[in-house]
Amino acid sequence: MSDPKLLSIGLVGYGEVGKILASALVQRGIAWVGTWDILLPDPAAGPAMRAYAEAARVVPASSLADLLVRADVVISAVTASQAVAVAREAVPSIRPGTWFVDMNSASPGAKREMSALIDGARGRFVESAVMTSVPPYGIRVPMLLGGEHAAALRDLLVPLGFGMEVASIEIGVASAIKMCRSVMIKGLEGLVTESFTAARAYGVEDRVLASLHETFPTLDWEALGSYLMSRSALHGKRRAEEMREVAVTVRDAGLEPWMATATAERQDWMGRQKGPLGLDQLDADASWRAYADRLLAGRKPRG
C-alpha cells in the first residue's frame, strides 16, 4: 500500500497503551482505527470504555473476529499472560496477508508459538519489543521488530510516526533483548521499593541516598527513586506478569531465574497495594517518600 493513511488498523486491548496508540493514529488521519477489548461487553466497565473510544473516534468492535474482518494491521497490546490466547483466537478469523503485531512482553518461546499460529493461518506475524515506557514517547516509543515480515512492516508504519527498528528476521531475538533488559529495569524498581521503603521505616533514608550517590555519583537517586517506585506502584500487576515471562526466558537459557522470580513477587505485591493504599491517587510527580509512607502505613503489626 503506497499511502499508509489508507490502512485500517485495529488495536487488541484498549488499556493505557492501546488508547495512546489509537489516539495517535486517529490524529494522523488513518482511514479507520478500531479496537477490541475483553472488557467492552462487561456491563460494569464496557459502557465507559465504549464512550471513551467513540469520543476519540475509535470504533469499538463487537468481537475480535469483528475487528479482524476490517483491520489490515492488528496490534496486540494486552497482557503477557493473554498474548498467546489472543493469537490463538485470531486464527479462525484472520484474513490472509493481515499484519499481526504482538507488542506484549512475552518470552521468545511465546513469540515463536504466536508466529506459528498466525503465519500458519496465512497472516503476517511480527514481534515487537517495546524498549521503554510508552508514556511520554507515545507512538514514537522505541520498538525492536522481529520476523521475516519485520522490515516490510517497519517501512509501512514508520511514516506514521512509529519508532521501529528491525532487530532480526528470527522470531524471539527482539523479545530476548527486552526480557534480559527487564531483569535489570523491573529488578531496579523492586530493589528501590524495598531498599528505600525500609530505609524510610528506620529513618535512615538520607544516609542511604547519600551513600548511593557517593558510589554512583552520576545518578540522581532522589528523582530516579521517585520514577521507579511510581512505575511499580501504578503498573505492578502488569510488570509481575512480564517478569514471569522473563523468568521463563531465563530458565530456557539454562539458568535458575531467582532474581526475575523475586522481582515478580515484589511487583505483584506492589500491584495489590495500589487500590487499598491509594497509590494511584498520588500526584503524578509524587516523591518516592509519598509512596513509601503509604506502604508503611499499610503495614501489618508484627506479632
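The values are calculated or read from the model by the stated rules, or taken from the named source; none is laboratory data. Being a predicted model, the structure only gives us computed values, none of them experimental. So basically every Cβ, Gly included, is an ideal-geometry build from the backbone, and we count neighbours across all protein chains shown. We work out accessible area using only protein heavy atoms, side chains counted, and drop any ligands, DNA or RNA first. Shrake-Rupley method; radii C 1.70, N 1.55, O 1.52, S 1.80 Å.
Among the conditions (1) in a helix (DSSP H, G or I); (2) more than 19 Å from the chain's Cα centre (by Cα), the only one that Pro217 does not satisfy is (1).
Looking only at segment 48-64, filter to residues that are within 14 Å of Trp32 (Cα to Cα) and part of a helix (DSSP H, G or I); which one of those is nearest to the chain's Cα centre (by Cα)? Steps first, please.
At the first step, the residues of segment 48-64 found to be within 14 Å of Trp32 (Cα to Cα) are 53-54, 56-61.
Still in the running and part of a helix (DSSP H, G or I): 53-54.
Details: Ala53: 20, Glu54: 23 Å.
The extreme case among them is Ala53.
Residues that are of a type outside the set (A, V, I, L, M) and touching a residue at least 24 places away in the same chain (Cβ under 8 Å) were ranked within segment 39-61; the one that is most open to solvent (accessible area, probe 1.4 Å) is Arg57.
Of all the criteria given as (1) modelled with pLDDT of 95 or more; (2) within 17 Å of Phe196 (Cα to Cα); (3) of a type in the set (Gly, Ala, Ser), the one not satisfied by Ala260 is (2). Does segment 32-50 include one or more residues that are farther than 23 Å from Phe162 by Cβ, in contact with a Pro (Cβ under 9 Å, 6 or more places away or on another chain) and among the aliphatic types (A, V, I, L, M)? The answer is yes, given that some residue of segment 32-50 is farther than 23 Å from Phe162 by Cβ, in contact with a Pro (Cβ under 9 Å, 6 or more places away or on another chain) and among the aliphatic types (A, V, I, L, M). Among the residues of segment 1-31, those identified as outside any helix (DSSP H, G or I) and open to solvent by 50 Å² or more (accessible area, probe 1.4 Å) are Met1, Ser2, Asp3, Arg28, Ala31.
Criterion first (within 22 Å of Trp32 (Cα to Cα), out of contact with any Cys (no Cβ under 8 Å at 6 or more places or on another chain) and open to solvent by 10 Å² or more (accessible area, probe 1.4 Å)) does Arg95 satisfy it?
Working: within 22 Å of Trp32 (Cα to Cα): yes; out of contact with any Cys (no Cβ under 8 Å at 6 or more places or on another chain): yes; open to solvent by 10 Å² or more (accessible area, probe 1.4 Å): yes.
Spelling it out, Arg95 is indeed within 22 Å of Trp32 (Cα to Cα), out of contact with any Cys (no Cβ under 8 Å at 6 or more places or on another chain) and open to solvent by 10 Å² or more (accessible area, probe 1.4 Å).
Any residue in segment 82-90 that is closer than 20 Å to Val158 by Cβ and not aromatic (Phe, Trp, Tyr)?
no
Across segment 139-191, the number of residues qualifying as open to solvent by less than 30 Å² (accessible area, probe 1.4 Å) and within 20 Å of Ser115 (Cα to Cα) comes to 17.
Note on segment 70-85: residues that are buried (at least 16 other Cβ atoms within 10 Å of the Cβ) and more than 23 Å from Pro47 (Cβ to Cβ) amount to 10.
Looking at Arg266, Arg238 in this structure, which one is surrounded by 14 or more Cβ atoms within 10 Å (Cβ to Cβ), within 29 Å of Ala110 (Cα to Cα) and modelled with pLDDT under 95? Result of the check over Arg266, Arg238: Arg238.
Might you let me know whether segment 20-37 holds any residue that is over 15 Å from Ile9 (Cα atoms) and of a type outside the set (Gly, Ala, Ser)? No.
Across segment 150-164, what is the number of residues that are out of contact with any helix residue (DSSP H, G or I) (no Cβ under 7 Å at 6 or more places or on another chain) and more than 17 Å from Val74 (Cβ to Cβ)?
Taking segment 150-164 as the starting set, the residues that turn out to be out of contact with any helix residue (DSSP H, G or I) (no Cβ under 7 Å at 6 or more places or on another chain) are 150-155, 158.
Subsequent filtering for residues that are more than 17 Å from Val74 (Cβ to Cβ) retains 151, 155, 158.
Counting residues in segment 150-164 that are out of contact with any helix residue (DSSP H, G or I) (no Cβ under 7 Å at 6 or more places or on another chain) and more than 17 Å from Val74 (Cβ to Cβ) gives 3.
Across segment 192-225, the qualifying residues are those that are open to solvent by 20 Å² or more (accessible area, probe 1.4 Å) and among the polar types (S, T, N, Q), and the one among them that is nearest to Ala292 (Cα to Cα) is Ser195. Remark: pairs (first residue in segment 229-241, in contact (Cβ under 8 Å) with a residue 12 or more places away in the chain and among the small types (Gly, Ala, Ser); second residue outside any helix (DSSP H, G or I) and surrounded by fewer than 24 Cβ atoms within 10 Å (Cβ to Cβ); Cβ separation under 7 Å; 6+ apart in sequence or on different chains) = Ser230/Ala286; Ala233/Lys274; Gly236/Lys274.
I want to confirm something. Restricting to segment 271-292 and keeping residues that are in a helix (DSSP H, G or I) and not hydrophobic (A, V, I, L, M, F, W, C), which single residue is farthest from the chain's Cα centre (by Cα)? Per the stated criteria, the residue is Arg289. Within the option set Gly109, Gly97, Gly147, being touching a helix residue (DSSP H, G or I) at 6+ places or on another chain (Cβ under 9 Å) and at positive phi holds for one residue only, Gly147.
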